[in-house]
Amino acid sequence: NAAMQVNLTSAFTMVQEAQSELTESGRGSVIFFSSIYGQVGPVSDLYEGTDIVQPAGYAASKGGLLQFSRYLATTLAPSVRVNTITPGGVWRDQPEPFHQRYVARTPLGRMAHEEDLKGAVAYLSSDLSAYVTGHNLVVDGGWTTW
């Protein structure tokens, strides 16, 4: 329930509260953050020997956010664009066994850093993406290509 509240209900509430201002601007842009586990199942062996868990509510809420983004992209258009950024794992001092296994599965050979997401945010929030809505921009170092 906590994951649903933080990841999905809060997104719904924020858009609901800002909808009139976004629409009145004529060029509003909403960007949600999902997760690779919103579109693919978890890889359980990554977590062996660690205290890291991936509860079902997390995956369900992030997958729901992707669908919510597509829904809003059709209902708030043409005044508001709605897109999602889906990052892969972000380095936050995870246990070394997890880190090594994660990196081994990632074509670019590392976990993401917050800096890696800036370009995606800049693109989706600017006029460079003026004709982009309902899109899910995956920034995962190639992790979901397998």
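If you go through the range 15-33 one residue at a time, do you hit one that is out of contact with any Pro (no Cβ under 9 Å at 6 or more places or on another chain), of a type in the set (A, V, I, L, M, F, W, C) and modelled with pLDDT under 95? Give the derivation first.
Here is the first cut: in the range 15-33, the ones out of contact with any Pro (no Cβ under 9 Å at 6 or more places or on another chain) are 15-25, 27-32.
Narrowing the set further to residues that are of a type in the set (A, V, I, L, M, F, W, C) leaves 15, 18, 22, 30-32.
When the remaining residues are screened for being modelled with pLDDT under 95, the result is none.
Within the range 15-33, not a single residue is out of contact with any Pro (no Cβ under 9 Å at 6 or more places or on another chain), of a type in the set (A, V, I, L, M, F, W, C) and modelled with pLDDT under 95.
Name the single residue that is surrounded by the most Cβ atoms within 10 Å (Cβ to Cβ) among those in the range 23-64 being of a type in the set (Phe, Trp, Tyr) and within 17 Å of Arg105 (Cβ to Cβ).
Of everything passing the filter in the range 23-64, Tyr37 is surrounded by the most Cβ atoms within 10 Å (Cβ to Cβ).
Since Leu76 meets every condition but one in (1) under 24 Å from Leu117 (Cα atoms); (2) open to solvent by less than 80 Å² (accessible area, probe 1.4 Å), which condition does it not meet?
It is condition (1) that Leu76 fails.
Return the residues of the range 90-144 that are among the charged types (D, E, K, R), surrounded by 11 or more Cβ atoms within 10 Å (Cβ to Cβ) and more than 22 Å from Leu66 (Cβ to Cβ); say none if nothing qualifies.
Correct list: Arg101, Arg110.
Can you name the residue in the range 9-22 that is touching a helix residue (DSSP H, G or I) at 6+ places or on another chain (Cβ under 9 Å) and open to solvent by less than 50 Å² (accessible area, probe 1.4 Å) and is also farthest from Arg81 (Cα to Cα) among such residues?
In this case the residue turns out to be Ala11.
The values are calculated or read from the model by the stated rules, or taken from the named source; none is laboratory data. Because the structure is predicted, anything quoted here is derived from the model rather than measured. Note that each Cβ is placed from the backbone with ideal geometry, even for glycine, and that neighbours are counted across all protein chains shown. Just so you know, the surface numbers come from the protein's heavy atoms only, side chains and all, with ligands and any DNA or RNA stripped out. Shrake-Rupley method; radii C 1.70, N 1.55, O 1.52, S 1.80 Å.
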